[in-house]
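All remarks here apply to the structure that follows.
The values are calculated or read from the model by the stated rules, or taken from the named source; none is laboratory data. On a predicted model such as this, the values are computed, not experimentally measured, just so you know. Virtual Cβ from ideal backbone geometry, glycine too; neighbours counted across all protein chains shown.
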Amino acid sequence: MTSLLKRGAFAVLASLLVALVSANATVTGEFRIAIDPAKEVSVFFSPTTTGTIRVESVFKPLGNKYSIKLLRSDQPEPLAQAEGIDALTLTFAVDRPLPGVSWRLIVQNLADRTLSGLVEITYPRANCKELAAEFSLDLRYVNENVPLQDEQCLVMHKTMRSIPEESSSGLQKIIAFPQDPEIAGQYIQKTIRIYGDLQGARLARVFFHEMGHHIQFAHFTEAHQSHWEDLNKRSGSDSDNYARLYGRTNQFEDFATMFEAYTDSTSGILATAQSRNSRGKPILFEKVKFISALLRHDRNGTAHTYIYRTDSLFGDARILRASVALDADNVPQIPDDPEWEEF
């Protein structure tokens, strides 16, 4: 009974910790740590703009003493420190960017037994700060060797801004994980997981794919879902009916790969679909029209849709979107020289 009570108390404290950090989150490193008696563990991190560093920690078994200290490589003494039991908190204001300066948190076990717990360090990163603020997102990573980088936040920010609000709203969290040979991205309950050090256009395509899942799970109406299930069922195993072979996995990957292809090059997937349609294979064409209808909007009293192009640009992603006329059959009318908006 005692151990169950302790586990319950730890869970409550951890939940409170997450709520406190998420309220002003920029980027949060989330670390599960075990420390032997009289030993210490260091965690390194790198703020890149002004803002507040907030450290929250919870360790068990409850009732055992430990300390946390915040240090910077250009200062001989701790910037902030705390000592106590169970849950400890530190805050420190970063008033100017300090390139080349390393930051670290030292956690020291002052008890006579091994302690294990959760440490969360929330700190400001320039592009991540903007992404988190504009879309009310909780941005996290779980391994100090694979932090969420400014460049990654910039790409994801551009990607989300290019998607209409009625389709992008409701996403709650983005978490960076170490590389996994089996997977590049994942969508679970309004959370996108990114695996490995993805950058530039590659990251944009993965993120568009996962946003495709978000659109289907969070924004499809019953009519949308019924229509898509019918298209997927009619697709069968014929690869010509899919944008990517991976789309044959299930109806959800079918839509996500279609959305990825549409945002990578609308003109490209449309041309492919029209070619297959002319050969008596209309399903891919119907899927393109399904997405263009999802992105329909009125402009000067006439129906329009968005078209996309995602390019690589010196390691970055160049995301372009244009509003074009939509005909009565939901086919985008793409001009030779669209008026691209760059994100």
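Values for this structure:
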| read-out | value |
| --- | --- |
| Close pairs (8 angstrom Cβ cut-off, 6 or more residues apart or separate chains): closer than 14 Å to Arg299 by Cα in region 320-340, in a loop (DSSP other than H, G, I, E, B) and of a type in the set (Lys, Arg) anywhere | Leu326/Arg296 |
| Residues that are more than 25 Å from Val41 (Cβ to Cβ), part of a loop (DSSP other than H, G, I, E, B) and under 25 Å from the mean Cα position of the chain (by Cα), drawn from region 94-133 | Pro97 |
| Within region 182-200, tally of residues that are surrounded by fewer than 19 Cβ atoms within 10 Å (Cβ to Cβ), among the aliphatic types (A, V, I, L, M) and closer than 18 Å to Leu154 by Cβ | 0 |
| Ala19 in a helix (DSSP H, G or I) and at pLDDT below 85 | yes |
| Counted residues, region 274-284 - those being out of contact with any Lys or Arg (no Cβ under 7 Å at 6 or more places or on another chain), surrounded by 14 or more Cβ atoms within 10 Å (Cβ to Cβ) and part of a helix (DSSP H, G or I) | 3 |
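Yes/no per residue for (1) without any contact (Cβ under 8 Å) to a residue 60 or more places away in the chain; (2) crowded, with 20+ Cβ neighbours inside 10 Å; (3) β-branched (Val, Ile, Thr); (4) not assigned by TED's automatic domain parsing to the domain that holds Ile291:
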site	(1), (2), (3), (4)
Ser67	yes, no, no, yes
Val94	yes, no, yes, yes
Leu105	no, yes, no, yes
Thr114	no, no, yes, yes
Gly117	no, yes, no, yes
Glu144	no, no, no, yes
Leu148	no, yes, no, yes
Lys158	no, yes, no, yes
Ser168	yes, no, no, yes
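Conditions tested, residue by residue: (1) at pLDDT 95 or above; (2) closer than 18 Å to Leu131 by Cβ; (3) outside any helix (DSSP H, G or I).
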site	(1), (2), (3)
Gly170	yes, yes, yes
Gln186	yes, no, yes
Gly212	yes, no, no
Ala218	yes, no, no
His227	yes, no, no
Tyr246	yes, no, no
Thr257	yes, no, no
